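The values are calculated or read from the model by the stated rules, or taken from the named source; none is laboratory data. What you see is a predicted model; the values in this text were computed from it and never measured. When we count neighbours, we look across all protein chains shown, and the Cβ atoms used for this are built from the backbone with ideal geometry, even at glycine. Please note that ligands, DNA and RNA were not included when accessible areas were found on the heavy atoms of the full protein model with its side chains. Shrake-Rupley method; radii C 1.70, N 1.55, O 1.52, S 1.80 Å.
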Amino acid sequence: MIVAIAGYENAALSASVDMIQQFSETTSSYEELLALFPPIGSQIDAVIEQIHRWHPPVSVRLSIRPADLESLAWSCDFCGEQITLGPGGDALVLDSRSHDGPGSHTVISHRNCLAERIRPDNTGERARALRIGKDMY
């Protein structure tokens, strides 16, 4: 499969499409079937479901499920409850990196879940966790 991610055409990426759920679904129309199993050589839209930068090349997992194209949901890494990524959602995507070596780890969190885990006396960082990305200007 050849994958191009807009804006990252020259990046060293390894991409895969999450097809597991497609095999367990039934379809009610031919159009729905084509959305889940596009013909070879077709150009389709996908959303990035996960990015792993633990070691090169960067591994990108894509989803073409219609529900994910409308609103991608994931589990909060702190509380385990569903969270919406993207516009209207309350997710924070945190990349943690070492100062002395390659690789990174991604944590997805509700704003409140992160804010609750920051020291109570660090009120500035708690406030920023609740506001980042929301009407910043």
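With an 8 Å cut-off on Cα pairs and a minimum separation of 6 or more residues, tell me the relative contact order of the range 65-109 in percent. Relative CO of the range 65-109 lands at 31 percent.
Compute, for the chain, the length of the dipole vector about the Cα centre, with Cβ point charges of +1 (Lys, Arg) and -1 (Asp, Glu) only. Units Debye, rounded to 20. Display every interim value, and only then the final one.
Numbers: 11 positive and 18 negative charges, 114 e Å.
The calculation lands at about 540 debye.
Set the Förster radius R0 to 25 Å, insert the Cβ-Cβ distance between His55 and Phe78 as r into 1/(1 + (r/R0)^6), and round the FRET efficiency to 0.05. The pair His55/Phe78 has a calculated efficiency of 0.50. The Stokes-Einstein estimate for the range 24-78, based on a Kirkwood radius over Cα pairs and taken at 25 °C with 0.890 mPa s viscosity, is a diffusion coefficient of 184 µm²/s. Using only Cα coordinates, the Kirkwood hydrodynamic radius of the range 60-137 works out to 14.1 Å. Shown for the chain: the carbon plus sulfur share of the solvent-accessible area, taken with all protein chains present and a 1.4 angstrom probe, equals 55%. Be a star and scan the range 46-66 for residues whose amide nitrogen sits under 15 Å from the point 7 Å along the Cα-to-Cβ vector of Ala12. Residues passing the 15 Å test: 53-60.
For the range 50-103, the Kirkwood estimate of hydrodynamic radius, built from reciprocal distances between every pair of different alpha carbons, is 13.1 Å.
Here Lys134 and Gln43 are evaluated by their C-beta separation; at R0 = 25 Å the FRET efficiency comes out at 0.15.
Projecting each Cα onto the charge dipole of the chain (Lys/Arg +1, Asp/Glu -1 at the beta carbon, about the Cα centre), which of Pro120, Ala12, Gly88 comes out farthest on the positive side? Final value for the positive-end residue is Pro120. Gyration tensor over the Cα atoms of the chain: the corresponding equivalent ellipsoid has semi-axes (square roots of 5 times the eigenvalues, largest first) of 32, 20, 13 Å.
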